[in-house]
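This report refers to the structure that appears directly beneath it.
What follows is calculated from the coordinates using simple rules that are stated; it is not laboratory data. The structure presented is a predicted model; accordingly, all values stated were derived computationally and were not measured. Using ideal geometry, Cβ is built from the backbone for each residue, glycine included, and neighbour counts are taken over all protein chains shown.
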Protein chains: 2
Amino acid sequence: MTIVQKLAQQVLQQNTRAIARSISLIENETDSAQKESLLDALHSYCGRAVVWGITGPPGAGKSSLLDRFIGRLRRLNKTVAVIAVDPSSPFSGGAILGDRLRMQKHATDDGVFIRSMASRGHLGGVAGATADAIKVFDTAGFDFVIIETIGVGQTEIEVMELADLVLLVLVPGLGDEIQALKAGVMEIGDIFIINKKDLDGANRLKREVEYVLGLQENCTAKSTPPVCMTSATRDEGIDDTLSVITDYLEKIRGNGQLAARRKDRIEKELRHIASAKIMASAEHFLNIDSRLDSWVEDVFHKKVSPYKLLNRKIGEFLKELHWQ
Amino acid sequence: MTIVQKLAQQVLQQNTRAIARSISLIENETDSAQKESLLDALHSYCGRAVVWGITGPPGAGKSSLLDRFIGRLRRLNKTVAVIAVDPSSPFSGGAILGDRLRMQKHATDDGVFIRSMASRGHLGGVAGATADAIKVFDTAGFDFVIIETIGVGQTEIEVMELADLVLLVLVPGLGDEIQALKAGVMEIGDIFIINKKDLDGANRLKREVEYVLGLQENCTAKSTPPVCMTSATRDEGIDDTLSVITDYLEKIRGNGQLAARRKDRIEKELRHIASAKIMASAEHFLNIDSRLDSWVEDVFHKKVSPYKLLNRKIGEFLKELHWQ
């Protein structure tokens, strides 16, 4: 048994240190072969965990809300892994919410694992590293993996695409809330949560969200996402929201949407891996026997033009290959 | 003779409309095969023109200086093509300086062709489009092609790498001039020009530049670039600077630096084209007989893990290929 296979076995046995070591290995990607073996070893155990995404503008109360959700899930004896992602600060490792949670009561609970995710090193960026980390927690038997992002930009959207369902948290009083969201953000929410529902403007925000979602429905033929109202600090609306989440998951499990979503994710992953590997082989190709150098000489001395040369070389390459 | 070969012939005959049409074809890249044929047809005629780059912070007086240089070159009966690049504003097409020049006396001079370059469409970005445009002007027999950028960022550095020699224009009174330049900018200058030499601080700036260049020399073992003083508006220092430029060109022609530089450029171009073509073939590979779809099913149903699958497929692909 290789070291990596042993590591995978330890992850399967829910060994906390093995989990942490696996994620470090994935994140740092100093050894691509080891990383690949580890992910290969984990693959057959994945697919059981439910992956939530939670996102929304800073100040929406995502951490308090997450704290409440974790409390409820723990009461049901479910285990939860949280991946805190903040791509905007690669050096801090996006630990803002992770740190806050860590300081709370779950820190001493073995059923909760909190990890912040940095984008350093990983070829697929922070979304690629997060996708791989989900597999580690899934293999380790966590019932829920919750990925949360601070802020709502393009990278955050990519991260959210890794989730089975996305909770988009909004809050009244942050200005022109909906308008301020970037294009594509409203579309990623499967369930909307208006937190701090006791604040002025909460009901108006709910109506606005429902209005915009109604417009989207007409355009996309996707059913309108539910809009829930909560107050995380007052512990209100949490159970109702959990019911909505449970119903939603049951629905997408039943109608094949969950499987479709996971297959989309696999397709993206395969595309990404294939591109990276083919580019590496292209680089290798260009360097065999310094052929690039001799091509440069030929082009420089007008023996051949760049496209004519490369179309021939790459044409030969393509003709010979036997994709199976 | 194909339409594109005919177009190339017309470019060779210095037909202005053919030149403009060729650059539009390159820039828009709606038809990649046509673009490739055109560039193939031009290739054997290229390499005669001397390519200058001129860059520096906004307000340094690049356009007035360029106006003076063009005037001098025209008196020597040399023809000049100017490519104005402004990557920061893809929609305006970077026409700021181009427009200014167009409005001046050269607008009615057949020996001067001014073109602004937008980054739209071109796979290789604005630097790729500029590289191809240089080939058109070179084929059309322009003695000098001058590429100028507004501002000095990363893309501008890439554009400047297309030149045989780079004039970096600085001016006193823009604040902490040298410090304000981004990393890598000082390194691209082959000849430094301090314009508005009659302003306070011009001599101090010259000493500072020489000091920084002296430090660089110690680090890079590259000979220290000359620093010229000009006043474009007063028409002072222009002829001296032109002598410095001429001497510099003679030197790099003699010692092989010019050829080395052009070969570096060809290498980058070949790498870029090869990557783009191999990626396109990878995309094609993934779509043959919907194989990606069936792989997604296999991975989803745990028949195989992503890396195991792709390493096998890509392994077969690499084993079979005969790069020649």
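Brief remarks follow.
- Cα gyration tensor, the range A:190-293 - rounded (a/c under 1.5), prolate or oblate: prolate
- Averaged over the residues of peptide A:45-51, the number of Cβ atoms from other protein chains lying within 10 Å of each residue's Cβ is 1.
- Copy-to-copy label distances for residue B:212, where each label lies 7 Å from Cα along Cα-to-Cβ, are 4.5 nm in order of increasing length.
- Gain on full stretching of the segment that runs from residue A:312 to residue A:291 - 0.36 nm per residue minus C-alpha separation: 6.2 nm
- Position residue A:304, label points 7 Å along Cα→Cβ, spacing to each other copy in nm (shortest first, one decimal): 3.3
- Per residue of A:263-271, other chain Cβ atoms within 10 Å of the residue Cβ number 5 on average.
- Taking 12 Å as the cut-off, the amide N atoms of the range B:253-291 that come nearer than this to a point 7 Å along the Cα-to-beta-carbon line of residue B:223 belong to B:253-258.
- Estimated inter-spin distance, residue B:78 and residue A:271, nm [label 7 Å along Cα→Cβ]: 4.9 nm
- Shielding by partners, peptide B:299-307 (average Cβ within 10 angstrom, other chains): 6
- Counting Lys and Arg as +1 and Asp and Glu as -1 over every other residue whose Cβ lies under 13 Å from the Cβ of residue B:48, the net charge comes to +2.
- For residue B:155, net neighbour charge (Lys/Arg +1, Asp/Glu -1) across residues whose Cβ lies under 11 Å away: -4
- Taking amide H as placed 1.01 Å from N in the peptide plane, the amide H of residue B:81 sits under 5 Å from that of B:113, B:144, B:145, B:146, each at least 5 places away or on another chain.
- With the label put 7 angstrom out from Cα along the Cα-to-Cβ vector, residue B:243 ends up 9.2 nm from the copy partners, going from closest to farthest.
- Other residues with beta-carbon under 12 Å from the beta-carbon of residue A:22 carry, at +1 per Lys or Arg and -1 per Asp or Glu, a net charge of +3.
- Packing around the peptides B:16-26, B:67-77, A:192-202, taken as the average count of other Cβ atoms within 10 Å per residue, puts them in this order, highest first: A:192-202, B:16-26, B:67-77.
- Too-long pairs where the Cα-Cα distance tops 28 Å, listed order kept, from B:78/B:206; B:206/B:268; A:135/B:303; A:206/A:268: B:78/B:206; B:206/B:268; A:206/A:268
- Over the range B:268-320, the reciprocal of the mean inverse Cα-Cα separation, the Kirkwood hydrodynamic radius, stands at 12.5 Å.
- In this Cβ point-charge picture (+1 for Lys and Arg, -1 for Asp and Glu), the range A:268-320 has a dipole of about 280 debye about its Cα centre.
- For a modelled paramagnetic label at residue A:246, 7 Å from Cα along Cα-to-Cβ, the residues of the range A:41-70 in reach, with backbone nitrogen under 15 Å, are A:69-70.
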